[in-house]
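Novice: Take this structure first; my questions come after.
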Amino acid sequence: MAETTLPRIGAPATRALAAAGYRHLEQLAGVPEHELLALHGLGPKAIGILRRALTAQGLDLG
């Protein structure tokens, strides 16, 4: 299965995910939402975008 790039969620959120080691959408499957929200630069809007992108791939947050 090919790795999917992260959707467009804004530069601060993208940097926060990259700093935490998340570079591909599939890496976020099963990660608890509260852990992502704890990352500086990642907010509810980005979480919603990520959730929809994961759902489209048949995946979900933890």
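Every number in this text was worked out from the coordinates using simple rules, so none of it is lab data. Since the model is a prediction, treat every value here as computed from it, not as a measurement. Cβ sites come from the backbone with ideal geometry, for glycine too, and all protein chains shown count toward neighbours.
Novice: Going by Cα centres, region 4-22 and region 36-61 are how many Å apart?
Specialist: Going from one Cα centre to the other spans 10 Å.
Novice: Per DSSP helix of 4 or more residues, -39500 (n - 2.57); summed, then divided by the residues of the chain. What does that give at 222 nm, rounded to the nearest 500? Display every interim value, and only then the final one.
Specialist: Numbers: 3 runs with 27 residues, N = 62.
It lands at -12500 deg cm²/dmol.
Novice: Which Cα, out of V31, A20, L42, lies furthest along the positive dipole direction of region 17-62 (beta carbon charges, K/R +1, D/E -1)?
Specialist: L42
Novice: Count the net charge of all other residues whose Cβ sits under 14 Å from the Cβ of T5, scoring Lys and Arg as +1 and Asp and Glu as -1. Could you put the intermediate results ahead of the total?
Specialist: Numbers: positive: R8, R23; negative: E3, E26.
Cβ neighbours under 14 Å give a net charge of 0.
Novice: Looking at (i) 11.3; (ii) 12.5; (iii) 14.4, which value of Kirkwood radius over Cα pairs in Å comes from a calculation on the structure shown?
Specialist: (i)
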